[in-house]
Every structure is written in structure tokens, then in C-alpha cells.
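S.K.: Here it is, the structure, as C-alpha cells.
The values are calculated or read from the model by the stated rules, or taken from the named source; none is laboratory data. Every value quoted in this text rests on a predicted model; they were computed, and no experiment measured them. Using ideal geometry, Cβ is built from the backbone for each residue, glycine included, and neighbour counts are taken over all protein chains shown. Only protein heavy atoms, including side chains, enter the accessible area calculation; ligands, DNA and RNA are left aside. Shrake-Rupley method; radii C 1.70, N 1.55, O 1.52, S 1.80 Å.
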Amino acid sequence: MTTLTILEFPDPRLRNQARLVVDVDKRVNKIIEDMFETMYAADGIGLAATQVNIHERIVVMDISELQNQPQVFINPEVDVLTDTQLDYEEGCLSVPGFREAVSRPEQVRVKALGRDGKPFEIEASGLLAVCIQHELDHLNGKLFVDYISPLKRQRIRKKLEKQHKQLA
């Protein structure tokens, strides 16, 4: 397995729309393995392919405490099941060091293909629902900072740009 490089805000590649996966084959499964390796190495609970500069509709996540319940969503589609919103303090591997409150629907239904290429459907609530919506936003070129005020977003952008210059 390979640890991939995670793109960081404000990298414009994070705004790319991901393409549908046509065939769940060995290549896609290798991407999934590398994404899990990358996510676990970064202490994340979710990772979208867009974040590692692969613009295909693939999401991996594992919200378990022991990191032993990996989930794969290929070509995911979400339906909102409730008007109730959940405010959750979100962080992101592409926006390291920052957390902000984001309001999202509390319960969703997800239709996707699994790692085996077979379709499945689940209903999710709480942290799982938040994580799914957060990662699907990445596939559509959206980041959690898009939900916060322009002033906060600009402050985060400037701090990360400064860190990137110091590392260069």
C-alpha cells in the first residue's frame, strides 16, 4: 500500500468535480487500499478521492474508535431523510488544524457501490451521516469551509498559505 499526498486548502484541485467510476476493478481497489492507508496514517475518519488528487467518485471512511470498521462508497448518492439539522464541529484532512461548526441534515440514505462493485443502500444518522455528507461534498468540489463565514474562511486560507510558504 502507498500513502498518498493529501491536497490542502486552498489548492484549486480540491474544487474539481469527481467522475463516476465505470468499472470497479483492480485499479479501483488499489486506489481504495491506498486511500485507507493514507486516511489511517493521517488519523482521519473519512477521505474522498478528490483529496488525494484522484477525481473519481470514491469515498473511504471508518468512524470506529479502533479503526476496524472500514466502509467504501463508490458513486455515492445521498437522499436527505429529515428536516432536522445536526450541528457538528467538523475538521478535515485537507484543512489541517482547523475545526468549525457546520449544520447538516441529521439523517440520510446513501446508495452506492461497495468495494465488490455491488450496489448497496444504508441509512445513516449522527456522526456517520455528517461524515458521509462531508466526504460527498469533496466529490462535488466543496469543502466544509464553504459553510462558514467568508471572514473565517479567508483567515483559514491565509494561515494555511503562510504554512505552505514556510514549508516550501
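S.K.: Pairs under 8 Å by beta carbon, first residue over 20 Å from residue 44 (Cβ atoms) and without any contact (Cβ under 8 Å) to a residue 12 or more places away in the chain in the stretch 109-129, partner in a strand (DSSP E or B) and of a type in the set (A, V, I, L, M, F, W, C), six or more apart or different chains?
M.R.: 119/112; 119/113; 120/112; 120/113
S.K.: Follow-up question, since we're still on this one. Can you pull out the residues in the stretch 78-102 that are over 18 Å from residue 48 (Cα atoms) and either touching a Ser or Thr at 6+ places or on another chain (Cβ under 9 Å) or among the acidic types (Asp, Glu) (or both)?
M.R.: 79, 81, 82, 83, 85, 86, 87, 88, 89, 100
S.K.: Given the conditions (1) exposed (fewer than 15 other Cβ atoms within 10 Å of the Cβ); (2) hydrophobic (A, V, I, L, M, F, W, C); (3) out of contact with any Phe, Trp or Tyr (no Cβ under 9 Å at 6 or more places or on another chain), and given that residue 1 satisfies all but one, which numbered condition is not satisfied?
M.R.: Status for residue 1: all satisfied but (3).
S.K.: It is to be established whether one or more residues within the stretch 50-65 are out of contact with any Phe, Trp or Tyr (no Cβ under 8 Å at 6 or more places or on another chain), closer than 30 Å to residue 165 by Cβ, open to solvent by less than 10 Å² (accessible area, probe 1.4 Å) and not aliphatic (A, V, I, L, M).
M.R.: Checked against the condition, which is being out of contact with any Phe, Trp or Tyr (no Cβ under 8 Å at 6 or more places or on another chain), closer than 30 Å to residue 165 by Cβ, open to solvent by less than 10 Å² (accessible area, probe 1.4 Å) and not aliphatic (A, V, I, L, M), the stretch 50-65 yields at least one hit.
S.K.: When the stretch 122-140 is examined, which residues are found to be in contact with a Leu (Cβ under 7 Å, 6 or more places away or on another chain) and part of a strand (DSSP E or B)?
M.R.: Listed by number, the list holds a single entry, 123.
S.K.: Please go through the stretch 1-19 and give me each residue that is among the hydrophobic types (A, V, I, L, M, F, W, C), under 19 Å from residue 98 (Cα atoms) and assigned to a loop (DSSP other than H, G, I, E, B), ordered by number.
M.R.: Within the stretch 1-19, 6, 7, 9 meet the criteria.
S.K.: If residue 7 passes every condition in (1) of a type in the set (A, V, I, L, M); (2) in contact with a Ser or Thr (Cβ under 9 Å, 6 or more places away or on another chain); (3) surrounded by fewer than 12 Cβ atoms within 10 Å (Cβ to Cβ) but one, which one does it miss?
M.R.: (3)
S.K.: Which pairs do you get when a residue that is closer than 11 Å to residue 133 by Cβ, found in the stretch 85-104, comes within reach of a residue that is small (Gly, Ala, Ser) and surrounded by 17 or more Cβ atoms within 10 Å (Cβ to Cβ), reach meaning Cβ atoms under 8 angstrom, with the pair 6+ apart or on two chains?
M.R.: Every condition considered, the pairs that remain are 86/129; 104/129.
S.K.: Let me ask something else about it. May I ask you to list the residues in the stretch 11-30 that are buried (at least 19 other Cβ atoms within 10 Å of the Cβ) and closer than 14 Å to residue 51 by Cβ?
M.R.: 14, 18
S.K.: Within the stretch 141-158, how many residues are in a helix (DSSP H, G or I) and open to solvent by less than 100 Å² (accessible area, probe 1.4 Å)?
M.R.: Total satisfying the criteria: 10.
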